[in-house]
Amino acid sequence: MKIASLLLLCASIAHCAQLQGIDVSGYQPNVNWRDVKSRGIQFVYIKATEGTSYKSPAFNSQYTGATQVGLMRGAYHFARPDVSSGAAQANFFLSNGGGWSRDGRTLPGVVDLEYNPYGSNKCYGLSSGAMINWIHDFSDTYKSRTGRPPVIYTSTSWWTLCTGNFGGFGRENPLWIARYGSAVGPLPAGWGFHTFWQNSDNAAPNPGDADLFNGDTAGLQRFASG
């Protein structure tokens, strides 16, 4: 992909531009998007769905508000591999705000893969092999309907524990790495660079979590356009 070569070059340059963004969910229902943009935020990811039964009640207003002030915006899906197939969840996501279009301002959808917040089993009761198959099922379904593979959001620790540090997604799926600190740190197997980095769970004075795009404005526009 063109964006892959761009970001790989970017990852090798010490002073590469990194654009500021945020991600929000139903926990931030009332966002002043004009203030957000005035503080230098250039993109936002918004939680749309979870599993196959939950749609964020704030999604529509958040997405519309971000659009109206000219932010690049996209949607993310919180994965629940314990409740239904990857294909079922990708289709639910796509039916409830998770689509992508080549309009130059819509970011491709994200599958959010992280520790299970609903029980003691951090990997939702799936073996590494079953988890890899679930992610393939989601990714293949999303790509078949949009023409683009989804971004994978994860942490290196979760990926190592729950997929056995499988290296087969890095050639196609962009990586949004979660690590709170001053450096990205080691990436999961298969990825030589990250596309997005969630570097803090507090974006104050902006709402939500803080993110960086690994590139400049032109690079983000190319990424949105596919």
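The values are calculated or read from the model by the stated rules, or taken from the named source; none is laboratory data. All values derive from a computational prediction rather than experimental measurement. Cβ sites come from the backbone with ideal geometry, for glycine too, and all protein chains shown count toward neighbours.
I'm trying to understand the selection: among the residues of region 122-142, which are over 16 Å from Ala88 (Cβ atoms) and either at pLDDT below 95 or charged (D, E, K, R) (or both)? Break it down stepwise before answering.
Kept after step one, since they are over 16 Å from Ala88 (Cβ atoms), are these residues of region 122-142: 122-123, 125, 127-129, 132.
Correct list: Lys122 only.
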Of all the residues that make up region 74-105, how many are in contact with a helix residue (DSSP H, G or I) (Cβ under 6 Å, 6 or more places away or on another chain) and in a strand (DSSP E or B)?
-> 1
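A quick yes/no check of all residues on (1) touching a Phe, Trp or Tyr at 6+ places or on another chain (Cβ under 7 Å); (2) surrounded by 21 or more Cβ atoms within 10 Å (Cβ to Cβ); (3) of a type in the set (Gly, Ala, Ser); (4) in a loop (DSSP other than H, G, I, E, B):
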| residue | (1), (2), (3), (4) |
| --- | --- |
| Cys162 | no, yes, no, no |
| Gly170 | yes, no, yes, yes |
| Asn173 | no, yes, no, yes |
| Trp176 | yes, yes, no, no |
| Ala183 | no, no, yes, yes |
| Ala203 | no, yes, yes, yes |
| Gln221 | no, no, no, no |
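Go through region 186-201 and give me each residue that's assigned to a loop (DSSP other than H, G, I, E, B) and either loosely packed, with under 14 Cβ neighbours inside 10 Å or out of contact with any Lys or Arg (no Cβ under 8 Å at 6 or more places or on another chain) (or both). Working first, answer last.
Looking only at region 186-201, we keep the residues that are assigned to a loop (DSSP other than H, G, I, E, B), and these are 186-195, 201.
Across region 186-201, the qualifying residues are Pro186, Leu187, Pro188, Ala189, Trp191, Gly192, Phe193, His194, Thr195, Asp201.
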Given the structure, is Asn206 of a type outside the set (Gly, Ala, Ser), at negative phi and in contact with a Leu (Cβ under 9 Å, 6 or more places away or on another chain)?
-> no
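Among the residues of region 101-115 satisfying the criterion of being charged (D, E, K, R) and more than 18 Å from Val24 (Cα to Cα), which is surrounded by the most Cβ atoms within 10 Å (Cβ to Cβ)?
Initial filter on region 101-115 (charged (D, E, K, R)): 102-103, 105, 112, 114.
Then keep just the ones that are more than 18 Å from Val24 (Cα to Cα); that gives 102-103.
Working: Arg102: 11, Asp103: 8.
Ranking the qualifying residues of region 101-115, first place goes to Arg102.
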Filtering region 48-73 down to residues that are touching a residue at least 40 places away in the same chain (Cβ under 8 Å) and part of a strand (DSSP E or B), which residue is nearest to Gln221 (Cα to Cα)?
-> Met72
When residues of region 116-158 are limited to those that are within 15 Å of the chain's Cα centre (by Cα) and not in a helix (DSSP H, G or I), the one surrounded by the most Cβ atoms within 10 Å (Cβ to Cβ) = Pro150
Of all residues making up region 29-44, the number that are closer than 21 Å to Phe196 by Cα, touching a residue at least 24 places away in the same chain (Cβ under 8 Å), in a loop (DSSP other than H, G, I, E, B) and not β-branched (Val, Ile, Thr) = 2
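Here's the yes/no breakdown for (1) among the hydroxyl-bearing types (Ser, Thr, Tyr); (2) farther than 17 Å from Glu114 by Cβ; (3) in contact with a Gly (Cβ under 9 Å, 6 or more places away or on another chain):
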{"residue": "Pro150", "(1), (2), (3)": "no, no, yes"}
{"residue": "Gly164", "(1), (2), (3)": "no, no, yes"}
{"residue": "Gly167", "(1), (2), (3)": "no, yes, yes"}
{"residue": "Ser182", "(1), (2), (3)": "yes, yes, no"}
{"residue": "Leu187", "(1), (2), (3)": "no, no, yes"}
{"residue": "Ala204", "(1), (2), (3)": "no, yes, no"}
{"residue": "Gln221", "(1), (2), (3)": "no, yes, yes"}
Single residue of region 1-29 satisfying the filter (modelled with pLDDT of 95 or more and of a type in the set (S, T, N, Q)) that is surrounded by the most Cβ atoms within 10 Å (Cβ to Cβ) | Ser25
Please identify the pairs in which a residue from region 74-96 that is touching a residue at least 60 places away in the same chain (Cβ under 8 Å) has its Cβ atom under 6 Å from the Cβ atom of a residue that is basic (Lys, Arg), counting only partners at least 6 apart or on another chain.
-> Tyr76/Lys47
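Scan region 53-70 and tell me whether some residue there is within 14 Å of Trp134 (Cβ to Cβ), at pLDDT 95 or above and surrounded by fewer than 21 Cβ atoms within 10 Å (Cβ to Cβ). Break it down stepwise before answering.
Narrowing region 53-70 to residues within 14 Å of Trp134 (Cβ to Cβ): none.
Checked against the condition, which is being within 14 Å of Trp134 (Cβ to Cβ), at pLDDT 95 or above and surrounded by fewer than 21 Cβ atoms within 10 Å (Cβ to Cβ), region 53-70 yields no hits at all.
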